[in-house]
Each structure stands twice: as structure tokens, then as C-alpha cells.
Amino acid sequence: MFDQLIQEVSGRFGLDTRQTRQLLGSAVALVFDDTRGGFAGFTERLHGLGLGEALQSWRAPGPSEPDPVRPGQVEALFGMPVLGALSRRLGLSPAVAAAALGTLLPGVVRQLGGQTSLAPLPAPVAGWVAQGRDLLADATPGLAPPRRRSGLGGLLRAVLWLAALAIAVLLLLRACQPTPADPAPAPEARAEADAAPQAPRAEPRIDLQTQGGQVSVAGRLVNAQEKHRLLEALGDTFGAARVKEQIQLDATVAPATWMDRLVQLLPHLKAGDVKLGLEGDSLRLDSSALPEAGRFDLSQQVSQAFPDFRSEGLWDRAMAALSALKPGFGADDLVLALNQSSLRFASGSAELTRDNAEVLARSAAALRAAPAGTRVEVGGHSDDSGDPATNMALSQARAESVVAALLADGVPPDRLQAKGYGAAQPVADNGTEEGRARNRRMTFTVLK
């Protein structure tokens, strides 16, 4: 049932089939975990992470391979205790466990999304799920197999537990008794309210285009206050007479939580003719009409404003260098381009921010096209602030996160190696903030 998926994930991440089967069993158990609302709860959490459209593509039959869930999203879905338990029990790094689990999830949904519970499952899959439950027992007690209790000690514990439960129920019933000033709703009304479907709200959307000092803006927002806020800021930045708008108001749209950041970014859009689109937590930038230095600067400003967005069109020195690679490039040319990148992580974390997605995809394409036998070390480096052991561990974890992201994009496992150096190889003075920032970096080196 899952044989092809298991082989693909095993090959992509350098796992043996036993590890992949146990990860698959864990994925199935987590997707249908009753303690978290079962499959309905899983889909609700996906929508909350902006993966509603992705979920629909997973459930649609077809030959195309669905996009994987990013490691950071896997952590948000299930929590670090789950990833920690899986990685410890399987002997994997948390980054690799998250990336492999994120690749398995779409396949699980595609195969089993029509079910509402774990039963029935084919015998081999049921066995993998049992193993997955055992792996997760420490982090998710609700998934642990039930343990039998025996003897008078167990009976006494059961009696005491039932007595405590009865007292709690009586107290709860007394607290819930309606008062004349606050009559309880009729059962029919409660049932209707509970049964009413909660439709997901549409995403707010804004498309901005500047051309010749003029700016046009279109999209959809939830209310007049948001619209007025944006138009006022555009007028202050470009001049009210230069603004042309076609913004629709729709009460079913979610609030634009990014409005403050967009308003602060507007002055940087005066650099020339650019296009900027925002929808939900996705961003599109077209700065191709600007000089290259202007593209670098604007992309940096956009990245700083929206690091948590999945961004398309950001243009940094790595994107320029990778795009300039000629057919038949060598390993040295490759790492020279890769070392132009400034990969970004959440503060104090090994989680890559979402604005790295495009440069990682371009890097993975270049690594896949590299000459046969090319091997590259991904090195993590830190400044000398704080505890040296902590810095070493974080630099190793960040290197592993980059490797996991590249593996998830199809780079063969034998082409990459992760290594953390901590603060051992500074390239600038750690006595200044600028120097410390330069020392916090990722490096790519050809392995001979």
C-alpha cells in the first residue's frame, strides 16, 4: 500500500526501510490521534498553518507528487516532544526526522484521507502503526498502548480514581446550574449551534504595482478601516493623486494581520517599478525592472519585514550567482555560488525561516545538476556569545536543517554532509555586533 512511498523516502533521506516504516506508522497514528481530535483535528491544524490548499492537493488523486510539509510546519503540527521522541528512538537528527515525516504526511493523507479512524487497516500497516505508537509513547501518552494493572493496589487506585471523578462531576454539575438571570439555552438551540459548520475565512489579498511614480493597488480586505489605513499610507508615501485603487471589501475575509508590516515597507517600494503581492502568508515580488543593487536592497527589506512568509521573487547574491551557473559547471563553481547565500533561521533556533524557500529550491536544483561524485559539506558557524557547548550544538543543528531541506528537495543523500563548528572559525571581530552577525553563517565546502 505504501511500498513506493517508503522506497522514495528511504532513498531521499538515506534511511533504511525499517526506520521509514516506523516513521510512516508514527505519521498515521498522529494523523488519526483521537486525543487531538482525530483526522478532523489534524485538518483543522493544517488550515491554521495555511496548508488548506495543500491538503486539497494531497487528497486529489493524480500522478504528480504532492509538496511535502516543511520541517518547521511539522514541528508546529505535532510539537518538539514528538520529534524528539522519534529522533531519539530511531537514531536520527530532529531535522531529518521532521523532513522525512513531512514528506510522508501527504502520502498518508492521499491513501487514508477517506477514513475517519485507524480501523480498518491492512495488516502490515497496522503493524507499523503499532510500532509508531510505541515510539511516541513517551511524548504522547494518549497514543501509548494500554497497560494492564493487577492486584489489590490496582483495584484500590481504580476505586480512588472513580471516587475523585464522581466528586469532580458533581461539582461541575452544580457550577453549571442555570440561574434566573442567566437562563440556559434550549437543547435545540445548543444542538443547532454545535452543528453549524465553521467555514474557513478567505485570505486577505493585496496586489501593488509601482510604475513611473504611480501606484495601483487591488485586492480584498475585511473592512473599511483596513482599506483606509492602506490608502492613507500610500497617499503619504506616493501622493494621493498618484494612487489608483480597486480594493473590494468582504466580511468573510480574515483580517490582514500583516498590514502594519506592509505600511512600513511602502517607502522602499519607491525605488522604481516593482510588483508586490500578499495573500495570506504568501508573498510574491517582481523587482526585475530594478538595477541589480536595487534588487538586492529591496529583497533584503522585504525579507526582514516578512521572514515568516513563503516568498517568491526575492533576489539576493546567491540567487544571482546560482542563476549565472553555466551548463557543465564544476564543484568549485557550485560552492562559490552557494556561499553567496545568507540563510536565515528563527532566533536561537535551527528552524529555517520561510523566506529561504526559493533560494533553497534553487540550491537543490544546482546540487542535483552537479557533476557525478560531487560531495559538499554544509557547515554551521556561530559567534562566541554564550555557552560554547550550546553554540556548537546549535551550529550542528542548523547545518542538519539545511541538509534536511535540500534532501527534501531531491538532492541525493551521498552529496551532502552536515557539520557544526560553533565559534571556532570566525571571519570577523566578535567584539562588534556587525562582526558577530558575519560570524553567524552557513558555509559550503567541496569534500575531496
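Structure notes:
- Selected residue [more than 26 Å from residue 356 (Cβ to Cβ), of a type in the set (A, V, I, L, M, F, W, C) and buried (at least 21 other Cβ atoms within 10 Å of the Cβ)] from 24, 15: 24
- Residue in region 400-414 that is of a type in the set (Asp, Glu), surrounded by 13 or more Cβ atoms within 10 Å (Cβ to Cβ), under 21 Å from the mean Cα position of the chain (by Cα) and closer than 26 Å to residue 323 by Cα present: yes
- Inside region 283-311, residues that are in contact with a Gly (Cβ under 9 Å, 6 or more places away or on another chain) and surrounded by fewer than 17 Cβ atoms within 10 Å (Cβ to Cβ) make up a count of 6.
- The lone exception for residue 379 - which of (1) more than 20 Å from residue 15 (Cα to Cα); (2) surrounded by fewer than 21 Cβ atoms within 10 Å (Cβ to Cβ) it fails: (2)
- Residue satisfying condition, being more than 18 Å from the chain's Cα centre (by Cα), buried (at least 18 other Cβ atoms within 10 Å of the Cβ) and in the same structural domain as residue 106 (by TED's automatic domain parsing), within set 39, 78: 39
- Of 23, 46, 83, all but one fail to be modelled with pLDDT of 85 or more and within 22 Å of residue 401 (Cβ to Cβ); the exception is 23.
- Flag if residue 378 is modelled with pLDDT of 95 or more and out of contact with any helix residue (DSSP H, G or I) (no Cβ under 8 Å at 6 or more places or on another chain): no
- Verdict on residue 102 being crowded, with 20+ Cβ neighbours inside 10 Å, assigned to a helix (DSSP H, G or I) and either at pLDDT below 80 or in the same structural domain as residue 404 (by TED's automatic domain parsing) (or both): no
- Residues of region 79-99 classified as out of contact with any Asp or Glu (no Cβ under 8 Å at 6 or more places or on another chain) and part of a loop (DSSP other than H, G, I, E, B), total: 3
The values are calculated or read from the model by the stated rules, or taken from the named source; none is laboratory data. All values reported here derive from a predicted model rather than from experimental measurement. Neighbour counts run over all protein chains shown; Cβ positions are idealised from the backbone, glycine included.
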